[in-house]
């Protein structure tokens, strides 16, 4: 991924790195202006990204390194160093929308995302630069904040290709064979209102306000074409994607993602994460498949389990994260002895017991207050990227005897095809419509 040069003004860096299509469409502007006139809000086809920094924006040169380029071979937010905060959103296309509506939405989202990834507002007019008698283009809560490592990753769900309305957008023949709703798994208690969706956006940032701002404004842009189906806030990453990141902990207090695929492991990414040019369909080459699972943790029940039992359930030492067979966190576990229970989480999920299957994890903790029993409504918002959905299905079925299942419930689910990265001047998923 390209990053802006240190010391460059934000809009100069964005011009070099993010020459997006020529501004928001009329539909996108209308979405921003709902509730008021659109007069004075037009960006224009030639506005581009060099339209000036909105009043109140002040980003010091030392903050420039926190911006990740929107354009590239792969979408940002997959192998990018995992940020501290997440706002994940799932959308459904509106009834009676057509192919032109979908393409214009993806173009508008690409334009706005390329700007926000550089710490800019969704348009050159921004939050305070337009008519005082019309709603602003940008909601403004990120004014003065740097990019904060914002990445926006977009995916296409099974229903986008064909649903009860039929082949709405003329793309049914291009649906990947593996892109279908995940099968039922043991322990599923899924809420249909917190599952699935035609489109998804994963917004990750080191500042939660930056991530929320991004989803809020992309939702406004979608008005009349797509509606928000459900969303999830996350904090405290539960995996790492670089060697420089320490392994984080989940809400059970254990290190999570010790053996995750890392960004510098090109061979593992090629074999397990990126869709190949030899895979079908061709338009998805360079992309991946995203699985999201909302996993509720029975926190109060877990907290009453003795430490030795917790270690045995996970298969690792809670303090250091080392396998119970000995060594340190990164020591390969020895499954030949009796130190590691064969139904421990680590044993069942390990590639040695799954024909070498690996996935790239990118999950987050969540706490949604408390439930009607006064218990924490909390858990893991699991996100994984894989070259083929069958990888996740195989692993999840393997976990049917996991001792940890007594303390968790899967309450949300979704799968999306994640297109390859965007070329400058193009838009998300353009190859699908070629």
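Key figures
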{"quantity": "Filtered residues of segment 372-387 (kept if more than 16 Å from residue 289 (Cα to Cα), in a loop (DSSP other than H, G, I, E, B) and touching a residue at least 40 places away in the same chain (Cβ under 8 Å))", "calculated": "375"}
{"quantity": "Scan of segment 183-205 for residues that are touching a helix residue (DSSP H, G or I) at 6+ places or on another chain (Cβ under 9 Å) and either in a strand (DSSP E or B) or free of Cβ contacts under 8 Å to residues at least 40 places away in the same chain (or both), ordered by number", "calculated": "199, 201, 203, 204, 205"}
{"quantity": "Pairs, first touching a residue at least 24 places away in the same chain (Cβ under 8 Å) and at positive phi in segment 114-138, second in a loop (DSSP other than H, G, I, E, B) and surrounded by 24 or more Cβ atoms within 10 Å (Cβ to Cβ), C-beta under 7 Å, six or more apart", "calculated": "119/67; 119/146; 119/147; 126/137; 126/138"}
{"quantity": "Residue satisfying condition, being more than 20 Å from the chain's Cα centre (by Cα) and assigned to a loop (DSSP other than H, G, I, E, B), within set 144, 149", "calculated": "144"}
{"quantity": "Residue selected from segment 405-434 under the condition buried (at least 23 other Cβ atoms within 10 Å of the Cβ) and outside any strand (DSSP E or B), by the criterion nearest to the chain's Cα centre (by Cα)", "calculated": "419"}
{"quantity": "Single residue of segment 234-250 satisfying the filter (buried (at least 19 other Cβ atoms within 10 Å of the Cβ) and at pLDDT 95 or above) that is nearest to residue 199 (Cα to Cα)", "calculated": "234"}
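Rundown of residues vs (1) out of contact with any strand residue (DSSP E or B) (no Cβ under 9 Å at 6 or more places or on another chain); (2) closer than 23 Å to residue 228 by Cβ; (3) surrounded by 21 or more Cβ atoms within 10 Å (Cβ to Cβ); (4) at pLDDT below 95, yes/no style:
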{"position": "153", "(1), (2), (3), (4)": "no, yes, yes, no"}
{"position": "167", "(1), (2), (3), (4)": "yes, no, no, no"}
{"position": "170", "(1), (2), (3), (4)": "yes, no, no, no"}
{"position": "176", "(1), (2), (3), (4)": "no, no, no, no"}
{"position": "195", "(1), (2), (3), (4)": "no, yes, yes, no"}
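Here's the yes/no breakdown for (1) within 30 Å of residue 231 (Cβ to Cβ); (2) free of Cβ contacts under 8 Å to residues at least 24 places away in the same chain; (3) surrounded by 16 or more Cβ atoms within 10 Å (Cβ to Cβ):
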| site | (1), (2), (3) |
| --- | --- |
| 300 | yes, no, no |
| 314 | yes, no, yes |
| 322 | no, yes, yes |
| 334 | no, yes, no |
| 339 | no, yes, no |
| 345 | yes, no, yes |
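The values are calculated or read from the model by the stated rules, or taken from the named source; none is laboratory data. Being a predicted model, the structure only gives us computed values, none of them experimental. Counting neighbours? That spans all protein chains shown, and the Cβs are built from the backbone with ideal geometry, glycine included.
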